[in-house]
Amino acid sequence: MIKRSVLCLLITGLAGCGGSSDEVPQVSDIQPGFGNDITESFEADMRFYAPSFISQKGELIIQNLKGNVETRHQVESLNRFSLTLPVDGQYHFKFEPDNSQVSCPREQGCGRSLLNDPNDLNGNNEIDFGEPINAEISYEAIALPVPGLNQLLFSTFSSALVSAKLDSAIWSLTAAPNYHITQSTILNEQKAEYVANALTYADIMQQHTTGQKDTSLFSNAIAEGVSGNGEAISVYKQLANQYLSETLLSEESNTVYRVSSAKVLLEVNELLRLNSSRELHTEIKPYTNELLTEVRNALGVLRLQDEQYSEEIKSKLEEVEDLANSDAQNAFLASLEVIGDVVKHVSPFEGSVAGEYSLPGLNIEYQTENGFRWIITGVRRGFEVDMDITVPQWRISPLLGDKIVGSGKGSVTKPDIALDFVFDQFEIVTEGRFDPNNIEEVVGVSDATGNVKLTQGSSILSGDIEIDYLRNRLSVRTIKAVIPYLSIDGVLTTPNQVTPIRLYANERSPLAMRSDMDLVFGAQLELPLNGGKDLRIQLSGEPDMLSDFTSADVSLILGGHVSEVTVTNLVGNINLIVRGRDGYWVDIKKKKELYTGGFYFGDKLVGDVRTIRGIPGILFPDGSFESLF
């Protein structure tokens, strides 16, 4: 086949240059490089991050695993340090702080201190925020640097993956391992930092609370999780979510964190599922067109030419939106409010005796044999309520707060919507004792685990649920109910689909005086398509905007490839960015029928996005052309 020049291709598109369109040279017909200099050397600009719980001063050790060449760098502040490396395959990075001390990362403190504890620096019998705790860390990571800016985020999670040489991309659906950013935005960087913080927090708090100062505990739990033992990693997931909830509720951190809270919540929880694994990619190949397969996969889901999701995906996402509407949110809130109100107002603390009671809208049958039991009927938030709650344990403590542990089941219904639940366990812990004279001023935290079935019309969402619910004091006179964490792991069944789905949500503005819940969602769905049976997709945002194409931020795996896709649509001018493995990404701009943009390896332009003969594709320096569709 005769290769044609770029000029000839352009002329052909206008007036013809002889021959048929079949004579346009394709990528498969040419040598690697597509006209780029395959002998060119590339450099990677490396930036680093580690959580603030440790000293930022220490030694950074970098080893090129191809030639086992090692360099050492003394750094005053890791998060402000940078260097340049050749792009030459895998590198092993290790940071050893000068001071091995780990600080308490909780603003609320890390609990009571031991007798004569040297870590209790101010002698108040508490380990306060910033005081030393008994934990040790190891900061390591393996990555493939690419041309241009690279950000490497150390966490004890990245360290735990090093010995196993596992790739976290398939868990979190990130194009690179979750701790390596090769094509960055401010929001991507913020998200990655919060993920690193949460995972490291979980590790050091588990060491501290169990009294086992051992960095291998986390590594062992991850190995157990990968082999199928989910119980080993569950405590780390709980601690990581605790960190995220406290970050959301902090006046200092809420404003910045809430912008990316749904994405962080989704990524942290999916990372700690550990339900599949694959080895790290060890070699980097300049000038490959493998990303174009991923771009075509993405365009099968995000129909750029039609300016919408594929019809199949769009209809399924709209059904997910319908399940996350305000009625569904209020059904969950009503069930939690009823449980909280009933055990507050009719309780052992108040000396309530067995019998019939009533609260506004509710009738209660209270029993005290073999623990405490409430059978509840009535109306709350416009829903018919029918519940049966049992509490075998009730702790009354002025110092530690009242603690209630129980279980329950029930239903919350109104026309066209029904929430049925079974809470295997719920727990309520108050700040201080219940005050019978100021019941409405009671604040505290509660959580519940169990299973739910949410029915709306012909759609049913059923699965396991975990939920945190608290009453938080915003000011001296203001108490607000907040949901900082909600997860449902289940199946969505409609006439149109049977879809495994995991939903994560938090109240984005818990410190604001709002009457609505202001929930934002992260979701992972298994949505097999015709021609793409293994499709998994992650997306996040407003519950009623998940199917909206005008501003989409989507991660997906299809055909074994993980891609991150961002779409912005401004008055018909569309920008699509697809990021793939090894730092490859493509930037496609569409205005009417004209496509422009670039195909990149890191910050190196490999080819141009052009529209030739009405066909959008990648035009390489040697004149070869590969269609996008």
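Here are some notes:
- Candidate set from region 56-115 (those that are among the small types (Gly, Ala, Ser) and in a strand (DSSP E or B)); member that is least open to solvent (accessible area, probe 1.4 Å): 58
- Residue selected from region 121-143 under the condition open to solvent by less than 20 Å² (accessible area, probe 1.4 Å) and not in a strand (DSSP E or B), by the criterion farthest from residue 282 (Cα to Cα): 127
- Unique residue being small (Gly, Ala, Ser), within 30 Å of residue 566 (Cα to Cα) and open to solvent by less than 60 Å² (accessible area, probe 1.4 Å) when the list is 245, 219: 245
- So residue 52, is it among the polar types (S, T, N, Q), closer than 26 Å to residue 102 by Cα, part of a loop (DSSP other than H, G, I, E, B) and open to solvent by 90 Å² or more (accessible area, probe 1.4 Å): yes
- Candidates 159, 163: the one that is assigned to a helix (DSSP H, G or I) and out of contact with any Asp or Glu (no Cβ under 8 Å at 6 or more places or on another chain) is 163.
- Hey, residue 379 at pLDDT 85 or above and open to solvent by 60 Å² or more (accessible area, probe 1.4 Å) or not: yes
- Condition broken by residue 171, with the remaining ones in (1) touching an Asp or Glu at 6+ places or on another chain (Cβ under 8 Å); (2) not in a helix (DSSP H, G or I) satisfied: (2)
- Residue that is open to solvent by 60 Å² or more (accessible area, probe 1.4 Å) and not in a strand (DSSP E or B), where the choices are 473, 514: 514
- Among strands (runs of 3 or more DSSP E) entirely within region 537-629, having at least 2 residues that are in contact with a Phe, Trp or Tyr (Cβ under 8 Å, 6 or more places away or on another chain) and basic (Lys, Arg) singles out 604-612.
- Of all residues making up region 399-418, the number that are in contact with a Lys or Arg (Cβ under 8 Å, 6 or more places away or on another chain) and in a loop (DSSP other than H, G, I, E, B): 2
- So residue 610, is it of a type outside the set (A, V, I, L, M), open to solvent by 60 Å² or more (accessible area, probe 1.4 Å), over 30 Å from residue 492 (Cα atoms) and over 22 Å from the mean Cα position of the chain (by Cα): yes
- Which listed residue, of 409, 403, is at pLDDT 95 or above and under 20 Å from residue 374 (Cβ atoms): 409
- Filtering 174, 200, 182 for residues that are open to solvent by 20 Å² or more (accessible area, probe 1.4 Å) and either out of contact with any Leu (no Cβ under 7 Å at 6 or more places or on another chain) or modelled with pLDDT of 95 or more (or both) leaves a single hit, 182.
- Tally, over region 37-58, of residues that are touching a residue at least 24 places away in the same chain (Cβ under 8 Å) and over 31 Å from the mean Cα position of the chain (by Cα): 4
- Answer residue from region 535-584, given it is hydroxyl-bearing (Ser, Thr, Tyr) and touching a residue at least 24 places away in the same chain (Cβ under 8 Å) and is surrounded by the most Cβ atoms within 10 Å (Cβ to Cβ) among those: 584
Yes/no matrix, rows are residues, columns are (1) of a type outside the set (Ser, Thr, Tyr); (2) at pLDDT below 85; (3) in contact with a helix residue (DSSP H, G or I) (Cβ under 7 Å, 6 or more places away or on another chain):
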residue: 504; (1), (2), (3): no, no, yes
residue: 509; (1), (2), (3): no, yes, no
residue: 515; (1), (2), (3): no, yes, no
residue: 520; (1), (2), (3): yes, no, yes
residue: 526; (1), (2), (3): yes, no, no
residue: 529; (1), (2), (3): yes, yes, yes
residue: 533; (1), (2), (3): yes, yes, no
residue: 541; (1), (2), (3): yes, no, yes
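- Note on region 295-307: residues that are over 22 Å from the mean Cα position of the chain (by Cα) and open to solvent by less than 50 Å² (accessible area, probe 1.4 Å) amount to 5.
- Leading residue by the ranking (nearest to residue 51 (Cα to Cα)) among those in region 174-217 that are in a helix (DSSP H, G or I) and of a type in the set (Asp, Glu): 193
- From the options 162, 146, residue that is more than 21 Å from the chain's Cα centre (by Cα), under 17 Å from residue 93 (Cβ atoms) and surrounded by 21 or more Cβ atoms within 10 Å (Cβ to Cβ): 146
- Being more than 19 Å from residue 483 (Cβ to Cβ), acidic (Asp, Glu), assigned to a helix (DSSP H, G or I) and at pLDDT below 95 is a condition met by at least one residue of region 441-449.
Residue-wise test of (1) within 19 Å of residue 318 (Cβ to Cβ); (2) open to solvent by less than 30 Å² (accessible area, probe 1.4 Å); (3) of a type outside the set (Gly, Ala, Ser).
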| residue | (1), (2), (3) |
| --- | --- |
| 461 | yes, yes, yes |
| 468 | no, no, yes |
| 479 | no, no, yes |
| 487 | no, yes, no |
| 495 | yes, no, yes |
| 499 | yes, yes, yes |
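- When 141, 164, 160 are checked against the criterion of being among the hydrophobic types (A, V, I, L, M, F, W, C) and in contact with a strand residue (DSSP E or B) (Cβ under 8 Å, 6 or more places away or on another chain), a single residue qualifies: 141.
- Checking residue 287 against (1) over 26 Å from the mean Cα position of the chain (by Cα); (2) farther than 27 Å from residue 189 by Cα, the condition it does not meet: (2)
- Residue in region 596-604 that is at pLDDT below 90 and either open to solvent by 20 Å² or more (accessible area, probe 1.4 Å) or over 18 Å from the mean Cα position of the chain (by Cα) (or both) present: no
- Checking 270, 283, 290 one by one, the residue that is touching a residue at least 12 places away in the same chain (Cβ under 8 Å), of a type in the set (D, E, K, R), under 30 Å from residue 628 (Cβ atoms) and surrounded by 20 or more Cβ atoms within 10 Å (Cβ to Cβ) is 270 and no other.
- Some residue of region 269-284 being at pLDDT below 85, more than 16 Å from residue 537 (Cβ to Cβ) and basic (Lys, Arg): yes
- Exactly one residue among 315, 335 is small (Gly, Ala, Ser), surrounded by fewer than 19 Cβ atoms within 10 Å (Cβ to Cβ) and either in contact (Cβ under 8 Å) with a residue 12 or more places away in the chain or closer than 30 Å to residue 414 by Cβ (or both), and that residue is 315.
The values are calculated or read from the model by the stated rules, or taken from the named source; none is laboratory data. Keep in mind the model is a prediction, meaning the values are calculated, not measured. Every residue, glycine among them, receives a Cβ derived from its backbone with ideal geometry; neighbour counts consider all protein chains shown. To get the accessible areas, we keep the full protein, side chains included, count just its heavy atoms, and leave off ligands, DNA and RNA. Shrake-Rupley method; radii C 1.70, N 1.55, O 1.52, S 1.80 Å.
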